[in-house]
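Here is the structure we will look at, set down as structure tokens.
The values are calculated or read from the model by the stated rules, or taken from the named source; none is laboratory data. Nothing here was measured: the structure is a model prediction, and the numbers come from that model. Positions of Cβ are backbone-derived with ideal geometry, glycine not excepted, and every protein chain shown enters the neighbour counts.
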Amino acid sequence: MSNKDLIAGLQQRLRELDAQALRRRRRVAETPCAPRMQVDGRELLAFCSNDYLGLAAHPRIVEALREGAALYGAGSGASHLISGHARAHAALEERLAAFMAPQIDQARALYFCTGYMANLAMLGALGGADTALFSESLNHASLIDGARLSRSAVQVYPHGDVDALAGMLAASTAEHNLVVTDSVFSMDGNLAPLPALLALCERHGAWLVVDDAHGFGVLGRNGRGALEHFGLRSPNLVYMGTLGKAAGVAGAFVAAHDSVIEWLAQRARPYIYTTAAPPALAHALLTSLDIIDGVEGMARRAHLQRLIRQFHDALQLRSWRRLPSDTAIQPLLIGPNEEALCVAAALYDDGFWVPAIRPPTVPAGTARLRVTLSAAHSDEDVSRLVAALHRLENPA
């Protein structure tokens with residue numbers, strides 16, 4: 001095949017994406033992540049980020065990032081196990097371990113560049129040919145890829161179906177069993193039945209790996225995420241929280257029993273073989289945690305919950321459907337790809353940035369708007385969005 005044929009083949013596949021209304025488009029944000037942003041030269045009211053507590057542009061965190069760069073420079077220079085593990089990384093891991101200690105026995109934490117890498121690391125290090133891995137059907141792509149790379153025997157259990165999982169665990173003959181789930185499902189906004197899943201794992205001597213990307217900082221009285229929300233504590237838990245969503249900066253961490261974290265540090269390839277994140281980010285995240293764990297964090301979580309209730313009470317849909325969610329993720333099911341794109345485009349023209357989510361991120365025929373609320377939004381922001389949605393669903 002010639003080079004020309006290679007390019008032509010890709011161009012044909014791109015045209016097929018266009019025909020199915022599946023091509024994605026990047027927009028360029030010209031101002032900090034916030035409810036009001038300059039995007040591609042336009043001012044928009046944004047309901048699309050995962051900045052759930054509104055910390056991405058918080059003055060204290062921005063100043064901490066500047067301070068961290070002055071202290072540690074722009075980059076780490078090497079992997080954590082060579083020379084890239086700075087005092088800021090160590091301090092952040094100690095702080096995260098202390099923060100999560102009420103939920104995890106003998107807690108220790110390990111900092112990663114991204115949540116994607118953290119999930120690949122967890123499943124790759126804990127899985128293997130002697131492991132049966134049970135994966136929730138709506139798990140994030142990073143968990144799906146981690147399961148594939150783990151060399152484990154993977155079984156997928158239906159969404160939220162504890163009875164089906166119980167049967168699978170009872171039938172397992174593997175030496176090790178590993179159950180993997182999101183806590184808050186990123187495209188649906190609902191919560192996994194973590195108490196029932198943990199009870200199953202404890203009964204069968206299995207690990208429960210929880211990806212709390214959309215729960216950390218938001219759920220629980222103190223922001224310790226889904227584990228605090230449900231009042232869970234167990235040595236069987238392996239917990240991943242991201243630090244680029246509610247925490248407002250970048251990266252992720254795994255918190256678990258000290259022995260689990262030591263095993264990851266020794267055997268997790270995505271941790272061992274990558275350059276450490278800039279120490280300045282870790283330094284800024286110490287301030288993020290101070291806010292999340294303090295009076296301001298509690299006030300921001302309370303305001304976010306009020307906005308969620310306001311959105312529920314005010315939005316009255318006829319043909320579209322709001323999926324049941326009590327979290328900051330509020331999906332509006334539309335159905336066809338083309339219609340979801342048209343609605344998102346109409347909102348954009350009206351000054352709102354709300355993304356249309358289509359396959360393969362969600363199942364075919366379930367394209368949706370993914371509305372995300374932030375503690376930085378006001379009551380008036382939510383009222384404006386609701387009014388715009390009502391106008392678009394029921395044009396005069």
Original post:
Can you name every residue in the stretch 226-242 that is in contact (Cβ under 8 Å) with a residue 60 or more places away in the chain and either closer than 19 Å to residue 376 by Cα or of a type in the set (S, T, N, Q) (or both)?
Top reply: 234, 242
Original post:
So, of the residues in the stretch 114-149 that are of a type in the set (S, T, N, Q) and touching a helix residue (DSSP H, G or I) at 6+ places or on another chain (Cβ under 7 Å), which turns out to be surrounded by the most Cβ atoms within 10 Å (Cβ to Cβ)?
Top reply: 119
Original post:
In the stretch 300-328, what residues are more than 17 Å from residue 228 (Cβ to Cβ), out of contact with any strand residue (DSSP E or B) (no Cβ under 6 Å at 6 or more places or on another chain) and surrounded by fewer than 16 Cβ atoms within 10 Å (Cβ to Cβ)?
Top reply: 306, 309, 312, 313, 314, 316, 317, 318, 319, 324
Original post:
Within the stretch 73-84, can one find any residue that is over 30 Å from residue 348 (Cα atoms) and either crowded, with 21+ Cβ neighbours inside 10 Å or in contact with a Lys or Arg (Cβ under 6 Å, 6 or more places away or on another chain) (or both)?
Top reply: yes
**OP:** Would you check which residues across the stretch 25-77 are touching a strand residue (DSSP E or B) at 6+ places or on another chain (Cβ under 7 Å) and closer than 24 Å to residue 276 by Cα and list them?
**Re:** 50, 76
**OP:** Could you tell me which numbered condition residue 17 fails, if it satisfies all but one of (1) at pLDDT below 95; (2) in the same structural domain as residue 357 (by TED's automatic domain parsing)?
**Re:** (2)
Original post:
Given (1) modelled with pLDDT of 95 or more; (2) assigned by TED's automatic domain parsing to the domain that holds residue 152, where does residue 31 come up short, assuming only one miss?
Top reply: (2)
Original post:
strands (runs of 3 or more DSSP E) wholly in the stretch 109-220 with at least 1 residues that are under 28 Å from residue 92 (Cβ atoms) and not assigned by TED's automatic domain parsing to the domain that holds residue 258 - which ones?
Top reply: none
Original post:
Counting just the residues of the stretch 23-78 that are of a type in the set (Lys, Arg) and part of a helix (DSSP H, G or I), which one comes out nearest to residue 292 (Cα to Cα)?
Top reply: 60
**OP:** Output yes when any residue across the stretch 81-99 is over 27 Å from the mean Cα position of the chain (by Cα) and assigned by TED's automatic domain parsing to the domain that holds residue 261, and no when none is.
**Re:** yes
Original post:
Quick check, is residue 239 buried (at least 24 other Cβ atoms within 10 Å of the Cβ) and farther than 20 Å from residue 308 by Cβ?
Top reply: yes
Original post:
Of the residues that make up the stretch 365-382, is at least one surrounded by 16 or more Cβ atoms within 10 Å (Cβ to Cβ), of a type in the set (A, V, I, L, M) and in a helix (DSSP H, G or I)?
Top reply: yes
Subject >> Unmet requirement for residue 335, which otherwise passes all of (1) at positive phi; (2) buried (at least 18 other Cβ atoms within 10 Å of the Cβ) >> reply: (2)
Original post:
Only one residue in 313, 326 is among the acidic types (Asp, Glu), in a loop (DSSP other than H, G, I, E, B) and within 20 Å of residue 378 (Cα to Cα), so which one is that?
Top reply: 326
**OP:** Keeping to the stretch 271-280, report how many residues are out of contact with any helix residue (DSSP H, G or I) (no Cβ under 7 Å at 6 or more places or on another chain) and crowded, with 24+ Cβ neighbours inside 10 Å.
**Re:** 2
**OP:** Considering only residues that are polar (S, T, N, Q) and within 20 Å of the chain's Cα centre (by Cα), look in the stretch 100-137 and name the one that is farthest from residue 272 (Cα to Cα).
**Re:** 137
Subject >> residue 328 being at pLDDT 95 or above and in contact with a His (Cβ under 8 Å, 6 or more places away or on another chain) >> reply: yes
Original post:
Applying the selection to the stretch 275-294, what residues are closer than 25 Å to residue 222 by Cα and of a type in the set (Val, Ile, Thr)?
Top reply: 287, 291, 292
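Listed here are the residues, each with its yes/no results for (1) over 20 Å from residue 380 (Cβ atoms); (2) surrounded by 12 or more Cβ atoms within 10 Å (Cβ to Cβ).
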| residue | (1), (2) |
| --- | --- |
| 3 | yes, no |
| 12 | yes, no |
| 21 | yes, yes |
| 27 | yes, yes |
| 32 | yes, yes |
| 44 | no, yes |
| 47 | no, yes |
| 52 | no, yes |
| 55 | yes, yes |
Original post:
Looking at 309, 318, which is the one that is at pLDDT below 95, more than 19 Å from the chain's Cα centre (by Cα) and farther than 26 Å from residue 43 by Cβ?
Top reply: 318
Original post:
(1) touching a residue at least 24 places away in the same chain (Cβ under 8 Å); (2) out of contact with any Cys (no Cβ under 9 Å at 6 or more places or on another chain): which one isn't true of residue 353, the others all being true?
Top reply: (2)
**OP:** Would you mind finding the one in 178, 198 that is buried (at least 23 other Cβ atoms within 10 Å of the Cβ) and over 20 Å from the mean Cα position of the chain (by Cα)?
**Re:** 178
